[in-house]
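A.B. asks: Below: one structure in structure tokens.
The values are calculated or read from the model by the stated rules, or taken from the named source; none is laboratory data. Because the structure is a prediction, the values reported are computed rather than measured. When we count neighbours, we look across all protein chains shown, and the Cβ atoms used for this are built from the backbone with ideal geometry, even at glycine. What goes into the accessible areas is simple: the full protein's heavy atoms, side chains included, and nothing from ligands, DNA or RNA. Shrake-Rupley method; radii C 1.70, N 1.55, O 1.52, S 1.80 Å.
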Amino acid sequence: MKRSLRYFLLFALLVFTEISYGQFALLEDSTLMFSPREALRAFRSGEGFTLEGERFNPGFTRSVYWLYYVAPDSDSTDFVRIGNAHVNRIEFYSVSSDSLSPPFLTGDHLPFRQRPVLSHQFVFPLKAQAKEYLWRIDKHNESLQLPVKTLTFNEWSALSAADTLANGALTGVLILIVLLGGFLFYLSKERLYLYYIFYLSMAVLWIWADKGYGFQYLWSDSPYFATRARPFFYALSCAGLLLFMREFIGQSKASPYYRWINILSVVFTLLAFTALLKVFTSNAEIGGKMLYVYLLIVTPSGLLALVLLGLSLAEKIREGSLLAKYYLVSVSVYILFGGLEIISHSGVGLVSNYYLSNFGMQTGLLIEAVILLYGLAVRFHNYRQEKEVLQVAIHQKQQEVVQQVFEAQEKERKSIADQLHDEVGSMLSVVNLSLSSIQEKQAKWPSEETHTLGQAREVLQQAADMVRNLSHVLTPIAIEKYGFARAVENLVNSINASGKIKIELTLIGFEQVDAYSGLLWNDVYRCLQELLNNVIKHSGASHAYVEVIEHEDAINLMVEDNGRGFASDKPLGYGLQNLQSKVSFHHGVMEYQNQAAPESGVLVVIEIPLKKE
């Protein structure tokens, strides 16, 4: 803990203070043919030029450069660091007693393990017995930036620890955000979150490739990929950026930029895999030319991506899209921090902060990712709310459809019941009356025929009773004639009149039933009919208690008997299932239980909420 705190304090000190740099000299070798001995003689004779500050930025070059350093007698320098992680080939020589040491070879074109110090940048330890040092820097046919710095052991330790700490923290948070994006994809199954994960992953890998961390930790045994990782991940991150932006802001296919984003995304994908072709060989003339052509395509493509991004965001912002504003802020922050890091590397002196020059892009990407994650969270919240509203609307529509179906069924039942009661019942009554008249006039008929005629009248009367009962089952006519409360009383009285069972009724309320739908009262009545029918047919009870109470917001229906109950481990019969369906349709609840004592029967309680029309 104390050691980590010490490194952190040293890092903070280095971030906000300047470090003194040793004096270096540079010599350009446009022939690519200088030997180390020739370069040393040239430096000693005063050729070349002194490096002012810590950076040398010739840009695109076709030359090799020699770097020369003479350690002062009082100098306590232990290391020289070349801050460019992408030098193709470096030859390092130390000079002692006018004798050149064998070359130490390292660079991006060689395995990472050949670094003199295992660092993402090139760090060279200086020998106590040597005073002069030579480096052959070979990055011809490419762009060269050459930041160099002398470091003491303590400075190197602090910088190394600080770099590791900052890179680990920033990358760790970015990985956590990627995992959160994966969790959101798991919840929503939207490809938007896959684009988010893809874009952030490619951007992180591009930064790691650019900083040299990828070569150090991920592909250290593949120099071939190390030289191609930056354009590969850069192109894929640009494709991911465009695709994610399009989904994030909800750009429609009708937008004039939609098709161009698709085309440019395909171009970036092709550029990414083109970068892996072996035609790009930095030590061959054709490789340099192909690389130059490749950069001529990649650079305008990146600028075109920014233009498309800006036009798409402007289009959606004019439409009032809040998510487009989130995206604009996030990408602006990323460009700002990335620009500050690029400026710090350019050597113009406008930005000299150590943290921004080394972690500007990662910091910008992290802030962008956080803003976008917040935007995704807002979008996900809105998505969930819209989904819930849609589900409620669908449920309401389903309820309306079911209501219409039930009302249509009720109307059809009433029509059939009216026909049975009024037409078929009347016809049967007329026939019965006719038979009665015939029976009275034919008093002299044989007793056998008179008996047959009497049986016919009895069968006819039974048929008339069945028709009347069926019409009452199809629609409770008593509710229309007398109201719900009177219909319930008549139902209980008719059962009590049979003498088979005694039913005690408590009925409270139901004075303003017109405020609610007729379907509700019909279904409540049928529920009571079904429960009493079960008591009569299956319970063997001698007594039952019925309670029907109208509350301000619900109807309570309770039926309790002293019968034998039923097996609770068996599934509900058809009657109870039908009863449960009616209760559920009206958003009610039904509970039932066998009483504890033997022969104590069943208790059924139904509660249906009241909703005025």
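A.B. asks: I need the phi-derived Karplus couplings for segment 178-187: 6.51 cos²θ - 1.76 cosθ + 1.60, θ = phi - 60°, integer Hz, Gly and Pro marked x.
C.D. replies: So the J values, rounded to whole Hz, are 4, 5, 5, x, x, 5, 5, 5, 4, 6.
A.B. asks: Give the shape of segment 134-289 as rounded, prolate or oblate, defined through the alpha-carbon gyration tensor: a ≥ b ≥ c are the square roots of its eigenvalues, a/c under 1.5 means rounded, and otherwise the shape is prolate if a/b is larger than b/c and oblate if not.
C.D. replies: Details: a/c = 2.75, a/b = 1.38, b/c = 2.00.
Oblate, since a/c reaches 1.5 and b/c is not below a/b.
A.B. asks: With θ set to phi - 60°, apply the Karplus curve 6.51 cos²θ - 1.76 cosθ + 1.60 along segment 321-331 and write out the HN-Hα couplings as whole Hz, x wherever there is a Gly or Pro.
C.D. replies: 6, 5, 5, 5, 5, 4, 5, 4, 5, 5, 6
A.B. asks: Need the full-extension length gain, Ser252 to Glu504, defined as separation in residues times 0.36 nm minus the C-alpha distance. One decimal, nm. List each step's numbers first, then the result.
C.D. replies: Working: separation 252, 0.36 × 252 = 90.72 nm, distance 6.83 nm.
The Ser252-Glu504 span can extend by a further 83.9 nm.
A.B. asks: With r defined as the distance between the Cβ atoms of Asn57 and His381 and R0 fixed at 35 Å, what FRET efficiency is calculated, to the nearest 0.05?
C.D. replies: For Asn57 and His381, the calculated efficiency is 0.15.
A.B. asks: Right, here's the next one. Carbon-plus-sulfur fraction of the accessible area of segment 89-239, 1.4 Å probe, in percent?
C.D. replies: Details: 3710 of 5900 Å².
Heavy-atom surface of segment 89-239 belonging to carbon and sulfur, 1.4 Å probe: 63 percent.
A.B. asks: Sort 38-48, 362-372, 384-394 for me by packing, meaning the mean count of neighbouring Cβ atoms within 10 Å per residue, highest on top.
C.D. replies: Working: 38-48: 15.1, 362-372: 22.4, 384-394: 10.3.
Sorting 38-48, 362-372, 384-394 by mean packing, highest first, produces 362-372, 38-48, 384-394.
A.B. asks: Tell me the per residue accessible area of segment 147-205 using a 1.4 Å probe; a whole number in Å² is fine.
C.D. replies: Working: 2460 Å² over 59 residues.
I get 42 Å² per residue for segment 147-205.
A.B. asks: Per 0.36 nm of contour for each residue apart, how much would the distance between Val389 and Asn493 grow if the chain were fully extended, relative to their Cα-Cα spacing? It would help to have the intermediate numbers written out before the result.
C.D. replies: Working: separation 104, 0.36 × 104 = 37.44 nm, distance 4.80 nm.
Extra length available between Val389 and Asn493 comes to 32.6 nm.
A.B. asks: How high is the FRET efficiency between Arg259 and Ile297 when r is their beta carbon distance and R₀ equals 25 Å, given to the nearest 0.05?
C.D. replies: Values: r = 20 Å, r/R0 = 0.80.
With a Förster radius of 25 Å, E is 0.80.
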